[in-house]
Structures are given as structure tokens and as C-alpha cells.
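> What follows is a single structure, and I will ask about it in a moment.
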Amino acid sequence: MAPLKSSLNAKVTAWQNVYTLFLVTQFKTTLKNLKNFVSSTAQGIVRNPADEENQSDKNLLMSVMKTISDVKDVEPKTEGIIKRMKEMVNLLKKHQINMQDKGDEEPLQAIDNTYAAFKETTQRVFKIKADILPL
Amino acid sequence: MKEVLSLISINLESIEREGRLFNEQFNKYSYLWLEDPTKTFEKFLVENDPAEDEFLKEEAAKEEDQKTDISQKENPLLKGVKAKIPFLDLFDEKIT
């Protein structure tokens, strides 16, 4: 009876893993994308085209305008994506699924921190947008 | 002797019947050992695609009309992930 139990247990675990691994990957990839987006956006607005020393740099202006446009596109969708990520994490936690690699932040905390960084970066982007409007 | 043999036969039939009934209880779980989990999961994603939901279809159409936001397909936050997945309640049911 013990080998049967063990074999059944392995089958059930394999089935559960297909569903949980999918959600873990969805969550981790989306969080990584959000972090990358925050980082590339922050990088894109390091220099403000409205600053006196940059006003003649048309390439900088174009590149910052591209960053602003990307943020404008992504920003309205982000809250929904954050909500979905949190729901996924809560579901995985309910089933005691580990989502953290060694040294990783607690998943919900990681979402909140990254979202806070996103909002902060977005505000900086919109401030630059207002700065370059008269140019 | 005949009586003993008949008794054994009756008992064996009864054990067989009980065994069959016991086995039948688990028929509903036979997919666990008869089906391939990965293929079944792929089917689950297709069959429960929220794009098939009428409300979401309307929303998608509105979005297309407005053209104000980029589609989820182009959203860099959803790069490498499936933008539309079945409702999480369905995942919960499957995992439980």
C-alpha cells in the first residue's frame, strides 16, 4: 500500500506543479519586467532637456520624449497588473508555494516596493514632461 | 467439502464486488494517472481564456476603438508572460 500511496502522491504533486509553476513564472516575470521598466525609465530621464546645459541637445529631447510616451502608455495599465500579481501571490501563499529564491524579498513586499518606485519614477517623468512643454 | 467451496466462492465474489465498488470511488480521479498534465494544462488555458468572456470582449473592442492605451500584447510589463490567463478561482480549484 505504501508504494501506491507514494506514487499517487507524486502524481498529485506533478499535477499541482503544472498550475503553480505557471503562476510563479507569471508573477516573477511580471515583477522583473516592472523592475526593468522602472530602471530603464529612470535611466531615460537622468538628464532633463529643460536644463540650460541640455537645451541644445535635440537627441536628448527626442529620447526623453520617447521615455515619456512609454510611461504614458504603461502607467494606466499598471495598477491592474499589480492587483493581478498580488492575487497570484496570495493564491500561491494559500497553497504554501514557495516563490522566493534565496535572498529574495518577501513577494508582496517586493511588489509594493517596486510599485512605489514605479510611481515615484512616473512622477519624475511627468515633472520633466511639464518642464519640456515650453521648449 | 462442497459446502466449504461454495462458501469460499461466495466470499470471493463478495470481496470482488466490494473491491470494484471501492475502485469506482476513485474513477473521477483517473485523469491523474491517465492524462498528461502538461497537455491538460494547455487545454485548460485555451478553454478558460478570458478573451472568450463577453464582457472582456466588449472591453477589448472599446479599447480598440479608443486607441488611447497600448494593448496588453505590447505592454513591456507583460513581456514573456501570458497577458490573459484564466480566472484565478479556476487555478485555485485545480490546485486544491
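> Please arrange B:Lys39, B:Lys2 by counting, for each residue, the other beta carbons lying within 10 Å of its beta carbon, fewest first. The partial results should precede the final answer.
On the way: B:Lys39 10, B:Lys2 6.
So the residues, fewest neighbours to most, are B:Lys2, B:Lys39.
> Arrange B:Trp33, A:Trp15 by Cβ neighbour counts within 10 Å, fewest through most, would you? Spell out each step's value before the answer.
Values: B:Trp33 10, A:Trp15 18.
Taking fewest neighbouring Cβ atoms as first place, the list is B:Trp33, A:Trp15.
> Quick one, what does Rg over Rh come out to for the protein assembly as shown if you take C-alpha atoms and the Kirkwood Rh? Show your work: numbers first, answer last.
On the way: Rg = 27.6 Å, Rh = 22.1 Å.
Answer for the protein assembly as shown: 1.25.
> Taking the 0 to 90 degree range and rounding to the nearest ten, how far is the long axis of helix A:58-94 tilted relative to the main principal axis of chain A, both from C-alpha atoms?
Helix A:58-94 sits at roughly 20 degrees to that axis.
> If you take the beta carbon distance between B:Ser9 and A:Asn17 as r and set R0 to 35 Å, what does 1/(1 + (r/R0)^6) give as a FRET efficiency, to the nearest 0.05? Spell out each step's value before the answer.
Working: r = 47 Å, r/R0 = 1.33.
Using R0 = 35 Å, I get an efficiency of 0.15.
> If each DSSP helix of 4+ residues adds -39,500 (n - 2.57) and the sum is divided by the residues in chain A, what number results at 222 nm, nearest 500 deg cm²/dmol? Please report the intermediate quantities before stating the final value.
On the way: 3 runs with 106 residues, N = 135.
The per-residue figure over chain A is -29000 deg cm²/dmol.
> Within the range A:1-27, what residues put their amide N at less than 17 Å from the label point 7 Å along the Cα-to-Cβ vector of B:Leu32?
A:1-20
> Once the Cα atoms of helix A:2-44 and of chain A are each reduced to a long axis, what angle between those two axes, in degrees from 0 to 90 to the nearest 10, is obtained?
For helix A:2-44, the angle is close to 10 degrees.
> How high is the FRET efficiency between A:Asp104 and A:Ser69 when r is their beta carbon distance and R₀ equals 22 Å, given to the nearest 0.05?
Values: r = 32 Å, r/R0 = 1.46.
Efficiency computed from Cβ-Cβ geometry: 0.10.
> Suppose R0 equals 30 Å. What FRET efficiency, 1/(1 + (r/R0)^6) with r the Cβ-Cβ distance, do A:Asn90 and A:Lys5 give to the nearest 0.05? It would help to have the intermediate numbers written out before the result.
Details: r = 31 Å, r/R0 = 1.02.
The computed FRET efficiency comes out at 0.45.
> Under unit Cβ charges (Lys, Arg +1; Asp, Glu -1), what dipole magnitude, rounded to 20 debye, does chain A have relative to its Cα centre?
Numbers: 20 positive and 16 negative charges, 155 e Å.
That gives a dipole near 740 debye.
> Neighbour counts of other C-beta atoms within 10 Å: give me A:Thr122, A:Thr67, A:Thr25 arranged from fewest to most.
Values: A:Thr122 17, A:Thr67 20, A:Thr25 14.
The fewest-first ordering by Cβ neighbours comes to A:Thr25, A:Thr122, A:Thr67.
FYI, it's all coordinate maths here, none of it is from the lab. Keep in mind that what you see is a predicted model, and the values were worked out from it rather than measured. Cβ sites come from the backbone with ideal geometry, for glycine too, and all protein chains shown count toward neighbours.
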